[in-house]
Amino acid sequence: MNIVDRFLKYVSFDTQSADETGKTPSTDKQWELARYLKEELEQMGLQEVVLDENGYLYATLPANTDEAVPTIGFIAHMDTSPDCSGREVQPRIVRAYDGSDVVLDAEAGIVTSPTLLGADDKAGIAEIVQAMAYLLEHPEIKHGRIRVAFNPDEEIGLGAHKFNVDLFGCEWAYTMDGGELGEMEFENFNAAAAKVDITGVSVHPGYAKNKMINAAGVAAEFAAMMPEAETPQHTAEYEGFYHLIGMEGNVERASLTYIIRDHDRTKFEARKAFVEKVGELLREKYGADVVKVSVSDQYYNMREKIEPVMHVVDIATEAMHAVGVTPRVRAIRGGTDGAQLSFKGLPCPNIFAGGLNFHGPHEFLPIPSLEKASEVVVKICELTAARKA
């Protein structure tokens, strides 16, 4: 089976994850792809194929050399974003593309470029599986023990939470979950969530002077005290932000939900402290029990875990050059499973999977990028062994 056919098969599975179901995988339909992949890997000849009780799939391509080569891994996620339906995906392959618009749905007015829906991250799965198949077919390419893993629920931030790093047993790994051709990332945001709960005092408006505390009004005041220019729509590159993602309330109760992001750890800590300070100022104004601020860390910048082992990045960079891809190292304005895995003891940069316009009906995947990503996986395996030979 070629890589395009693999990808087309994978996107036929609806694997949308869902927030707040309280289970892993978050949706039962993710199991269908997991079971299919388990059977496929077994039939290919991979060993130690394990699908655990949480929907995490692990497998091994044994070493074909007697040299002492590090065990490395490749990881992709099976779920697709809750933002756009993954049901009954109808991929279109546009051959000899001439640069003009492609009408996907004339009635809905959806027009885009050549389209293969589900690239995030079924492209990564296809690239890894195809690379393992290629290595099995070409024993002349020497490599060490290679581990692969496919996990659920990355799109809702839970992909690494139940990933068994000890079972995976790698010195380092790569997530195949980046964007366009050549992208490689080993820096990401430090991330936290802030919840602001406000308790007001409801009094008949005709008799409210010096008595009422309007919780919705206090919430609006809190939001107005946040730096206007330090929001996602006003920042780029290494600039951090505060992002108000939810606000609701009435006179008696109100709440705001923020996410806080910054690449720099010192600035990140200062941002969290600022949110707490705003809450403190409003408590001084309205009363100690009116405003409660809860801040919780979500993940950290993997750079601090990758810098001591930069050969991991060097090998990937060399592999890209070797297959004719120009590396484009950049910082992620977001997070990846690799960030959380790096802090669980598995250094894990992120490599391009090739797709663009993720999380919506305009998502597309250039087939040459899909193929090059798989070539990069093969070359990383080969170079890792060559460095130890």
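The values are calculated or read from the model by the stated rules, or taken from the named source; none is laboratory data. Everything numeric in this text was worked out from a predicted model, so none of it was measured. Cβ sites come from the backbone with ideal geometry, for glycine too, and all protein chains shown count toward neighbours. These accessible areas exclude ligands, DNA and RNA; they are computed on the full protein's heavy atoms, side chains included. Shrake-Rupley method; radii C 1.70, N 1.55, O 1.52, S 1.80 Å.
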Legend entry - Count - residues of the range 134-151 that are closer than 20 Å to Val69 by Cα and open to solvent by less than 20 Å² (accessible area, probe 1.4 Å): 7
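Which residue out of Thr21, Thr80, Thr71 is without any contact (Cβ under 8 Å) to a residue 24 or more places away in the chain and open to solvent by 10 Å² or more (accessible area, probe 1.4 Å)?
Working: Thr80 fails: without any contact (Cβ under 8 Å) to a residue 24 or more places away in the chain; Thr71 fails: without any contact (Cβ under 8 Å) to a residue 24 or more places away in the chain.
When all the criteria are applied, what remains is Thr21.
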Legend entry - Arg271 being open to solvent by 20 Å² or more (accessible area, probe 1.4 Å), under 21 Å from the mean Cα position of the chain (by Cα) and either farther than 20 Å from Phe189 by Cβ or not β-branched (Val, Ile, Thr) (or both): no
Inset, instruction - Return the residue satisfying two criteria in turn: it lies in the range 359-386 and is crowded, with 20+ Cβ neighbours inside 10 Å and modelled with pLDDT under 85, and of such residues it is nearest to Met184 (Cα to Cα). - result: Leu365
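State all residues of the range 188-211 that are among the small types (Gly, Ala, Ser), part of a loop (DSSP other than H, G, I, E, B) and open to solvent by 50 Å² or more (accessible area, probe 1.4 Å); if no residue qualifies, say none.
Filtering the range 188-211 for residues among the small types (Gly, Ala, Ser) gives 191-194, 200, 202, 206, 208.
Then drop every residue that is not part of a loop (DSSP other than H, G, I, E, B), which leaves 200, 202, 208.
Residue satisfying the conditions is Ser202 alone.
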Legend entry - Index of the failed condition, Glu171 passing every other in (1) open to solvent by 30 Å² or more (accessible area, probe 1.4 Å); (2) in contact with a Pro (Cβ under 7 Å, 6 or more places away or on another chain); (3) on the phi > 0 side of the Ramachandran plot: (3)
Inset, instruction - Go through (1) in contact with an Asp or Glu (Cβ under 7 Å, 6 or more places away or on another chain); (2) small (Gly, Ala, Ser); (3) more than 27 Å from Glu307 (Cβ to Cβ) one by one and return the number of the condition Gly178 breaks. - result: (3)
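Answer yes if at least one residue in the range 158-176 is farther than 17 Å from Asp337 by Cα and in a loop (DSSP other than H, G, I, E, B), and no otherwise.
Checked against the condition, which is being farther than 17 Å from Asp337 by Cα and in a loop (DSSP other than H, G, I, E, B), the range 158-176 yields no hits at all.
When you look at Glu185, is it of a type outside the set (Phe, Trp, Tyr), open to solvent by 40 Å² or more (accessible area, probe 1.4 Å) and touching a residue at least 24 places away in the same chain (Cβ under 8 Å), yes or no?
Details: of a type outside the set (Phe, Trp, Tyr): yes; open to solvent by 40 Å² or more (accessible area, probe 1.4 Å): no; touching a residue at least 24 places away in the same chain (Cβ under 8 Å): yes.
Criteria not met by Glu185.
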Legend entry - the range 274-289, residues that are open to solvent by less than 60 Å² (accessible area, probe 1.4 Å) and either within 19 Å of Leu244 (Cβ to Cβ) or without any contact (Cβ under 8 Å) to a residue 60 or more places away in the chain (or both): Val275, Val278, Gly279, Leu282
Legend entry - Test result for Asp101, modelled with pLDDT under 85 and open to solvent by less than 10 Å² (accessible area, probe 1.4 Å): no
Legend entry - Residues being more than 17 Å from Ala191 (Cβ to Cβ), polar (S, T, N, Q) and open to solvent by 60 Å² or more (accessible area, probe 1.4 Å) - total across the range 296-349: 1
Legend entry - Looking only at the range 212-257, and only at residues there that are open to solvent by less than 40 Å² (accessible area, probe 1.4 Å) and in contact with a Ser or Thr (Cβ under 6 Å, 6 or more places away or on another chain), the one that is modelled with the lowest pLDDT: Gly246
